[in-house]
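All of the numbers you see were taken from the coordinates with simple rules; none came from a lab. It should be emphasised that the depicted structure is a prediction, and the values quoted were computed from it without experimental measurement. So basically every Cβ, Gly included, is an ideal-geometry build from the backbone, and we count neighbours across all protein chains shown.
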Amino acid sequence: MSYVLLLCLLPGIQDAMMAFDDDLEHLGLFITEQDVHRARAGRLALDFHATEAEKLLERARAVDVAALPSLDDSWWAENQGLPWSQTYPGINHYTGQVPREWTAALQNTMRAALLYPEEGLDAQARDILLGLSEYSFAYEHFDVGLNYTTWGRQVLEAYEVLQPGFTEAERAQIDAFFKRMLEAIQQNHEYWIEHEPGGALNNHYAWHCLAMIMYGLFYDEPELVEAGLHSPKGPLDSLQYGFRDNGLWLEASINYHFTATVPLVIMAELLENADYPFSLWDYETDDGHSLRQAYD
């Protein structure tokens, strides 16, 4: 679009976006109204942000919901009796790669719908979320709790944005999906605590606890938030025992340092957005370890 043409259309675009501002009042946990306003301002900035916004819109328009992979779990029914060492490739595929194709389409469409409300992409985003809500969470393996949380967080974020557009029956279906997700992650977390397949402290625990915390905050179940914060091997234990003196995560790898701390950062942000009476940003252990130190 040319600069002159954009300037001619700019007042109309701004009016169209302002008309959707009343639809943002339900936001605040994953995405805030301020986040949306900044993003929409970037769309009109005639710079890098505008270019990225246009790319996002192109990705959303290119989504073919009918072409997304099947969520059928018959592979697990046929292979669940095998040792977990043999099922790992399939587990990675069916609990990681397949649902992430859905969440990539969902995230692109949901975010484009927020940036370009006049495009009407929210209906496509709702269709994707409803399709994904049929996922069974039937799989069992060391990695499923982490996998479910990484893409489940993206789905819950999208649900926060899209929730007003669903019918009561559709919301019940999606709520049941998140309940299945939580129960599967909690079961996996208990397995890790009992058997320690990755050692006494590992990045997986933080991801499991993130699932409990984000679910508890979204569905107003503070006991789940507390369970996630104070779980054995949870975020407070990670900060107390999980870092070397120089602030590096105990697995001594930059990759695993971020794998372990990213869920803690997400927790801290969600707790802050929810005005929760505990700040993971400000928490410091008796010997001076903190989340901020991990990034200093």
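Of the residues 87, 95, which is assigned to a helix (DSSP H, G or I) and in contact with a Phe, Trp or Tyr (Cβ under 7 Å, 6 or more places away or on another chain)?
95 is the lone residue from the list that is assigned to a helix (DSSP H, G or I) and in contact with a Phe, Trp or Tyr (Cβ under 7 Å, 6 or more places away or on another chain).
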Considering segment 217-275 alone, what residues qualify as being surrounded by fewer than 19 Cβ atoms within 10 Å (Cβ to Cβ) and either in contact with a Ser or Thr (Cβ under 6 Å, 6 or more places away or on another chain) or charged (D, E, K, R) (or both)?
-> 220, 221, 223, 226, 237, 240, 244, 245, 251, 269, 272, 275
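Quick test for you: out of 240, 163, 186, 154, pick the one residue that is in a helix (DSSP H, G or I), within 20 Å of residue 273 (Cβ to Cβ), among the polar types (S, T, N, Q) and in contact with a His (Cβ under 8 Å, 6 or more places away or on another chain).
Answer to the check: 163.
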Among all residue pairs at least 6 apart or on different chains, which show Cβ distances below 7 Å where the first residue, located in segment 27-38, is touching a residue at least 24 places away in the same chain (Cβ under 8 Å) and within 15 Å of residue 266 (Cα to Cα) and the second is among the hydrophobic types (A, V, I, L, M, F, W, C) and in a loop (DSSP other than H, G, I, E, B)?
-> 29/274
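Here is a yes/no grid of residues against (1) acidic (Asp, Glu); (2) within 19 Å of residue 284 (Cα to Cα):
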position: 198; (1), (2): no, no
position: 214; (1), (2): no, no
position: 222; (1), (2): no, no
position: 226; (1), (2): yes, yes
position: 232; (1), (2): no, yes
position: 249; (1), (2): no, yes
position: 265; (1), (2): no, yes
Of residues in segment 52-77 being outside any helix (DSSP H, G or I), acidic (Asp, Glu) and free of Cβ contacts under 8 Å to residues at least 40 places away in the same chain, the one nearest to residue 101 (Cα to Cα) | 64
Hey, among the residues in segment 55-64 that are charged (D, E, K, R) and surrounded by fewer than 13 Cβ atoms within 10 Å (Cβ to Cβ), which one's farthest from residue 121 (Cα to Cα)?
-> 55
Return yes when residue 231 is polar (S, T, N, Q) and within 21 Å of the chain's Cα centre (by Cα) and no when it is not.
-> yes
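One line per residue, one yes/no per condition, for (1) touching a residue at least 24 places away in the same chain (Cβ under 8 Å); (2) hydroxyl-bearing (Ser, Thr, Tyr):
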| site | (1), (2) |
| --- | --- |
| 215 | yes, yes |
| 263 | yes, no |
| 288 | no, no |
| 293 | yes, no |
